[in-house]
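Chemist: To start, I am sharing the structure in question, which I have written as structure tokens.
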Amino acid sequence: MIQEKVLTWFLACRTTDVPENGGVCVKYHDEQIALFNFSRRGEWYASQNMCPHRQQMALSRGMIGTQNNEPKVACPFHKKTFSLVTGQCLSGDDCGDIKTYPVKIENELVYIGIEE
Amino acid sequence: MKIVVIGNGMVGYKFCEKLTAKAQPGQFEIVVFGEETRPAYDRVHLSEYFAGKTADDLTMAGLDWYAENNIRIYLGDPISYIDRDQKTVRSHHGINESYDYLILATGSAAFVPPIPGVEKEGVFIYRTIEDLEMMTTYAKKAKTGAVIGGGLLGLEAAKAMIDLGVTNTHVIEFAPRLMPRQIDEAGSNILKAKLESLGLSIHTSKNTSEILGDQFITGMQFSDDTKLDIDMLVISAGIKPRDELAKLAGLETGHRGGIVVNDRLATTDPFIFAIGECALHGGMIYGLVAPGYEMAEVVATNLMGGDKSFTGFDMSTKLKLIGVDVASFGDPFVSVDEGRSIVLEDRMKGVYKRVNISPDGKYLLGGILVGDAEQYNMLLQTTKNKVVLPPNPEDVILGARGGAGNEGGAGVANLPDDALICSCESVSKGDICKAVCDGNETMDSIKKCTKAGTGCGGCVPMVKDLITHTLKSQGKYVRNVLCEHFNYSRQELYDLVKVHKLQTFDEVLNKLGTGDGCELCKPPVASILASLWNDMILAKGNDTAQDSNDRFLANIQKGGTYSVVPRIPGGEITPEKLIVIGQVAQKYNLYTKITGGQRIDLFGAHVNDLPAIWSELIEAGFESGHAYGKALRTVKSCVGSTWCRFGLHDSVSFAIQIEERYRGLRAPHKLKSAVSGCIRECAEAQSKDFGIIATEKGWNLYVCGNGGSKPQHALLLATDIDSETCIKYIDRFLMFYIKTADPLTRTATWLNKMEGGIDYLRNVVVNDSLGIAEQLEAEMQTLVDNYKCEWKEAVENPEIRKRFTHFVNAPESKDPSIQFEPMREQKKAKEWK
Ligand code: SRM
Ligand SMILES: Cc1cc2nc3c(=O)[nH]c(=O)nc-3n(C[C@H](O)[C@H](O)[C@H](O)COP(=O)(O)OP(=O)(O)OC[C@H]3O[C@@H](n4cnc5c(N)ncnc54)[C@H](O)[C@@H]3O)c2cc1C
Ligand code: SF4
Ligand code: FES
């Protein structure tokens, strides 16, 4: 894998702090990042917490799942869905896309990669 | 090549969209000037602004779209001058741009007839979001209103006035009938009667001679010497193309307005095109969006080197909003020698249908539908595509008789592949069927890949029929399966989960589904589990399968706070408990309101505060009100025989008993009930999922009523029954509903879809025709016995309590983005953008 940008790995929380197949919100300076433990797939994802549709800080409380095997999150407000891989809005109407972040797990600790 | 577009309305925008979609990046430099301050928005659905759509919802594409496509856009800056020799334009703010080709998409303005007094305050036109905003403000102090013009837009404006609270609204039409360009006199009469029943007063053949009042409008004077006192007036007497700029530049315009264009939409200057409502083609101004879009397509194609002409357009229309269906298609007024008409008129029901048929009886030429326009799309297609009519042409409006009636989707099969289904985006039947075959099997994905249904939306039912039809013809069995992860309907799944005794979402998915689940299947499965076993809904593994509201045991609000609704059974509450609610609200700074369900809602709670708030409420004897769940909500009561001089039985006690029996019960959708102490029905029991009304001899039980957007009265299930029998029937009724309804289906909709209707339901519930009554009662009793207040469990369980934080890594901090605004001594959520 070619990594173009320098990443800072920020320690977010312990793996057990995040509910299985659900999300939590992580504070990183003034940013809010939604972190998801997709335990059914053994995968972790992170994205901006703000839903672009109505600027609500809500994606971490959304429901995760898949669409054609692509992991996604549904905003609890109006159920717009976003790919957790590409950040693309999957709901057909262009309410905007979301930013996603890489996540790594080491020793039961969750790190989120932030571009410098 | 550099293109300048003047006007950023619907058509101007569509032109940009079409050109950028066809062109290579960098092939064109596009500059847009718009006079309005916002980017193009959907004027066709302007009236939905009153129904709660925001300016944002109506926007066709945000400014970032223009940026992404390298389109330079200047808003709030109209072009005031075109120099055709230099090929430049100059804006009001003094920006000069040169062009290779210029596109005029300046649209039209409302036509205001020269009646003395039109300049007075309180006189409006209805074309832009600004107009609506001004009307909204003014309407606050208006009681009586009028609309000049009984055409398509006038009637829409009249409906808008009613929505604004101007309930006494008059429609003034100069012609002898309403919608004179679309419907005939008989149709107009039926429409008029219908509109009057909605509360509008209709005056035809009436000519306004003066608008009365000093600074503000106070009334209207008519030429027949009558007068009308009004506070507010909307003029909707037609449109006037915006051709002033073209005129100034010396381009040819029509004497009744409009920029003259040829079949390629070029004006008299070959470097300048005009499209949309400002263009005069073949002596015609097209005041509809679909022809405008077609014009945009023609010009974009030709600029790309293609060869396309505009050859006129069908003017069929359907009125959207007024609450009465009206449509006209093809030639609505065929005369005797051009063909013959078949008319169906039912004054009782307020339905008028007319179809015009060619003299040889083979083809449909056009027609009018009032009161019931369900067949509009089908008839329009039959007309446009010259589909040969059946031997009894009246079948097209009456429906084939003697059989099962119109089976969904049967009609679309006969259309040719090139039949235009979505005229806004010119999508044909062939395009849609192909997209379905390529795997786009939902309305959403069809919208996304073909754009069909994204314009006026009129074709959506037909597109749905086409999807079903295509899937069926591929041999796919179409049924209400949950989503891509479960190939079962909710009813099938309920039975399977029960048989296999599955307890968690993952178990259900492993055994009965595929993949990883999604927001469509998780809530119904979680609800089935709750209905079957009534375990704590936040028990591990099922918590994240719950809808977000259930997961936090509270309703999420605008801005991200939550509401708190304690159960107040039957609406009865002691002063002590009222005081506690007040104290809790004060302490946590919550907005309080009496709900429509006879209890008190506390709004604006931070997620972090929820456990503490509930601890205090539980301490005082409150329980969860399940306002967040697809569960029993309230059982409303009237005061009944303990105080009321007409009361026959103690409706409050019975309501409390009922509410406590079914509290916490999870169902496919929410459940509401009420108990009234006599036939005056002060508790509104007949609008509930199950409602009970006292009689001399006992209770009458009504079921399957609904408020909401499609209100429906409940139907009588049993009469004069005692309390015990009443509860027995409700047990059976509710369990039967829980077991068989589709997700998010209220009891009313469930009954509407049930073959045999209320008689069948009565047979099952009262006469036990399926022999399952005892089982249903036993299942309900298990659920009742298993009830626990889930908020009590949540606050007592540190593991669950811990999840009520906003930041996982800063559990003490609340979400700093939450903002409130003061309002009437309380607070409200900050308005979202
Ligand atoms: C608070 C309240 C309005 C009020 O201030 O009075 C209210 C508020 C909401 N209603 Fe309601 N409804 C309230 C009484 C009603 C009533 C009146 C009644 O119950 O007598 C109705 C019509 C009766 C009916 O349901 O048949 C009603 C019909 C709806 C509907 C339409 C249901 C339908 O079948 O069409 C929805 C939408 C839905 O559930 O899908 C809805 C949805 C909502 C939601 C849950 C919208 C949402 O998802 O956020 C609102 C939640 C507010 C919150 O955050 O707490 N609300 N809602 C009322 C709470 C009653 C209670 O004490 O629990
Ligand atoms: C309430 C309402 C309901 C409607 N319902 C329907 C319906 O159900 N079905 C249907 O098909 N049609 C309907 N219409 C008509 C439809 O909205 C129009 O046909 C369509 O908007 C025309 O698009 P346009 O781009 O030609 O004009 P517009 O949308 O009017 O856009 C023209 C734009 O150009 C701007 N402009 C003008 N002069 C200049 C200048 N010199 N410089 C810069 N900018 C300028 C104007 O400010 C305006 O923003 C409805 C219209 C209204 C008002
Ligand atoms: S329904 Fe009957 S008992 Fe109840 S308040 Fe009205 S009149 Fe009284
Ligand atoms: S705020 Fe997220 S979908 Fe509307």
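No value in this document is a laboratory result; all are computed from the given coordinates. Source: prediction; values computed, not measured. Heads up, the Cβs are rebuilt from the backbone with ideal geometry, glycines too, and the neighbour counts pull from every protein chain shown.
Chemist: How big is Rg to Rh over the protein assembly as shown, alpha-carbon atoms, Rh as the Kirkwood inverse-mean-distance radius?
Modeler: Rg divided by Rh gives 0.98.
Chemist: In degrees between 0 and 90, to the nearest 10, how far off the longest principal axis of chain B does helix B:129-139 point, with axes built from Cα atoms?
Modeler: Orientation of helix B:129-139: about 60 degrees from the principal axis.
Chemist: Evaluated at 37 °C with a viscosity of 0.692 mPa s, what Stokes-Einstein diffusion coefficient in µm²/s does chain B have when Rh comes from the Kirkwood expression over alpha-carbon pairs?
Modeler: Value of D from the Cα-based Kirkwood radius: 106 µm²/s.
Chemist: Provide the packing ranking of B:417-423, B:196-202, B:92-98, i.e. peptides ordered by the mean count of other C-beta atoms within 10 Å per residue, highest first.
Modeler: So the order, starting with the most tightly packed, is B:417-423, B:196-202, B:92-98.
Chemist: Helix B:490-499: angle to the longest alpha-carbon principal axis of chain B, degrees 0 to 90, nearest 10?
Modeler: For B:490-499 against chain B, the angle is about 30 degrees.
Chemist: So for segment B:632-785, averaging the separation of alpha carbon pairs under 8 Å that are six or more residues apart and normalising by length, what relative contact order in percent results?
Modeler: 18 percent
Chemist: Also: By count of other Cβ within 10 Å, fewest leading, how are B:Lys636, B:Lys87, B:Lys349 ordered?
Modeler: Placing the least packed residue first, the sequence is B:Lys349, B:Lys87, B:Lys636.
Chemist: With +1 assigned to the C-beta of every Lys and Arg and -1 to the C-beta of every Asp and Glu, and no other charges, what is the dipole magnitude of segment B:426-551 about the Cα centre in debye, to the nearest 20?
Modeler: 420 debye
Chemist: Take each of the peptides B:641-648, B:799-806, B:326-333, average the number of other beta-carbon atoms within 10 Å over its residues, and list them starting from the highest.
Modeler: B:326-333, B:799-806, B:641-648
Chemist: Moving on to the next point. With +1 assigned to the C-beta of every Lys and Arg and -1 to the C-beta of every Asp and Glu, and no other charges, what is the dipole magnitude of the protein assembly as shown about the Cα centre in debye, to the nearest 20?
Modeler: 800 debye
Chemist: Defining a contact as two alpha carbons under 8 Å apart and six or more residues distant in sequence, what relative contact order in percent does segment B:490-546 show?
Modeler: 38 percent
Chemist: Over segment B:731-793, what is the relative contact order in whole percent, taking alpha-carbon pairs under 8 Å and six or more residues apart?
Modeler: Result for segment B:731-793 is 43 percent.
Chemist: Please arrange A:Val18, B:Val31 by how many other C-beta atoms lie within 10 Å of their C-beta, fewest to most.
Modeler: In order of increasing Cβ crowding within 10 Å: B:Val31, A:Val18.
Chemist: In addition: What is the gain in length, in nm to one decimal, between B:Asp360 and B:Ala51 on full extension, counting 0.36 nm per residue of separation less the C-alpha to C-alpha distance?
Modeler: Extra length from B:Asp360 to B:Ala51 when fully extended: 106.6 nm.
Chemist: So how much slack lies between B:Ile594 and B:Lys792, counting 0.36 nm per residue of separation and subtracting their Cα-Cα distance, in nm?
Modeler: Between B:Ile594 and B:Lys792, full extension yields 68.9 nm more.
Chemist: To the nearest 10 degrees, how steep is helix B:651-662 against the longest Cα principal axis of chain B, on a 0 to 90 scale?
Modeler: Tilt relative to chain B: about 90 degrees.
Chemist: Another question, then. Need one value for A:17-26: mean number of C-beta atoms belonging to other chains within 10 Å of its residues' C-beta atoms. Write down the numbers at each step before the final one.
Modeler: Details: counts 6, 2, 8, 5, 9, 7, 2, 6, 8, 4.
Partner Cβ neighbours, averaged per residue: 6.
Chemist: Hey, with R₀ at 22 Å, roughly what FRET efficiency would B:Ala778 and B:Asn510 work out to, going by the Cβ-Cβ distance, to 0.05?
Modeler: Numbers: r = 29 Å, r/R0 = 1.32.
So the FRET efficiency works out to roughly 0.15.
Chemist: At a Förster distance of 41 Å, what's the computed FRET efficiency of B:Asp83 paired with B:Arg181, Cβ-Cβ distance as r, to 0.05?
Modeler: After rounding, the FRET efficiency stands at 0.60.
Chemist: Counting other beta carbons within 10 Å of each Cβ, put A:Trp9, B:Trp791, B:Trp750 in order, fewest first.
Modeler: Lowest to highest Cβ neighbour count: A:Trp9, B:Trp750, B:Trp791.
Chemist: What does DSSP give for the protein assembly as shown in terms of the percent of beta bridges that are antiparallel, rounded to the nearest 5?
Modeler: Of all bridge pairs located within the protein assembly as shown, approximately 70 percent are antiparallel.
Chemist: Can you give the Kirkwood hydrodynamic radius of segment B:632-785 from its Cα pairs, in Å with one decimal?
Modeler: This gives a value of 15.3 Å.
Chemist: Can I ask one more? Order B:522-530, B:756-764, B:443-451 from most to least packed using the mean count of other Cβ atoms within 10 Å.
Modeler: The peptides rank, most packed first, as B:522-530, B:443-451, B:756-764.
Chemist: Would you mind computing the Rg to Rh ratio of segment A:18-115 from its alpha-carbon coordinates, Kirkwood style for Rh?
Modeler: Details: Rg = 12.4 Å, Rh = 13.2 Å.
For segment A:18-115, the value is 0.94.
Chemist: Then there is this: Rg(Cα) of segment B:112-237 divided by 2.2 N^0.38 Å?
Modeler: With N residues counted in segment B:112-237, Rg over 2.2 N^0.38 Å equals 0.98.
Chemist: State to the nearest 20 debye the size of the charge dipole of segment A:18-115 about its Cα centre, where the only charges are +1 on K and R beta carbons and -1 on D and E beta carbons.
Modeler: For segment A:18-115, the charge dipole is close to 300 debye.
Chemist: At 0.36 nm per residue, and after removing the present C-alpha to C-alpha distance, how many nm does the segment from B:Ser335 to B:Lys802 gain when stretched out fully?
Modeler: 160.4 nm
Chemist: Between A:Gln67 and residues 5 or more places away or on another chain, which pairs have amide H atoms under 5 Å apart, with H built 1.01 Å from N, and which residues are they?
Modeler: A:Lys72
Chemist: Have a look at B:Val4, B:Gln86, B:Gly145 and report the one farthest towards the positive end of the charge dipole of segment B:1-156, computed about the Cα centre with Cβ charges (Lys/Arg +1, Asp/Glu -1).
Modeler: Of the listed residues, the answer is B:Gly145.
Chemist: Can you list the residues, at least 5 places off or on another chain, whose amide H is less than 5 Å from the amide H of B:Cys424, using H built in the peptide plane?
Modeler: B:Cys456
Chemist: Counting C-alpha atoms alone, how compact is segment B:81-140: give Rg to one decimal and Dmax as a whole number, in angstrom.
Modeler: In Å, with Rg to one decimal and Dmax whole: 17.6, 51.
Chemist: Check the straight Cα-Cα distances from B:Lys22 and name the lysines below 26 Å, setting aside those fewer than 8 residues away within the same chain.
Modeler: Within reach: B:Lys2, B:Lys14, B:Lys87, B:Lys308, B:Lys429, B:Lys434, B:Lys447, B:Lys448, B:Lys451.
Chemist: Given a Förster distance of 22 Å, report the FRET efficiency between B:Ile95 and B:Thr37 from their Cβ-Cβ distance, rounded to the nearest 0.05.
Modeler: With a Förster radius of 22 Å, E is 0.90.
Chemist: From other protein chains only, count the Cβ atoms within 10 Å of every residue's Cβ in A:52-63, then give the mean.
Modeler: Counting Cβ atoms of other protein chains within 10 Å of each residue's Cβ and averaging gives 5.
Chemist: Which percentage, to the nearest 5, of the DSSP beta bridges contained in chain B is antiparallel?
Modeler: Rounded to the nearest five, the antiparallel share is 60 percent.
Chemist: Related question: Enter the mean number of other protein chain beta carbons within 10 Å of the beta carbon of each residue in B:545-552, as an integer.
Modeler: Averaged over the peptide's residues, the number is 4.
Chemist: Show log10 I(q)/I(0) for segment B:490-546 at q = 0.15 Å⁻¹, two decimals, from a solvent-free Debye sum over equal Cα scatterers.
Modeler: The calculated log intensity ratios at q = 0.15 Å⁻¹ are -0.34.
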